[in-house]
């Protein structure tokens, strides 16, 4: 029966004794409680992770790029080193605050984003600096090695 907002599950005695040894109903309720109180909240937290689903690989474990997280009014990592030919993905997750990626010496810029991603492939070795145009104190660099 429902009491307030808590749900109380009552198992009639004849069910516990007619379908198995005494105490079986308690074991089933205990296992169900473990699933509800431990497993489901863990899955919910994992699903809300900002980078859930992106591990910098192509799905088969082969590296196809690197990620920069745009969060807490910063780029993390601030300096990322990658080999030539790498695709860098910026993941925007700063609680609805809009940011962009604007390169100093490249004709490359993202849109102003509050979420989603922006990617660019770096073919030539060098150091490429960038900033967030609405927040000029947010700066970063991509160091591309041969």
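Sorting 72-82, 105-115 by average packing, meaning the other beta carbons within 10 Å per residue, from highest down gives 72-82, 105-115. Per residue, the convex hull spanned by the Cα atoms of segment 65-145 amounts to 72 cubic angstrom. Scoring 133-139, 98-104 by mean Cβ neighbours within 10 Å over their residues and listing the highest first yields 98-104, 133-139.
Each reported figure results from applying straightforward, stated rules to the coordinates on display, with no laboratory input. None of these values were measured; they are calculated from a predicted model. So basically every Cβ, Gly included, is an ideal-geometry build from the backbone, and we count neighbours across all protein chains shown.
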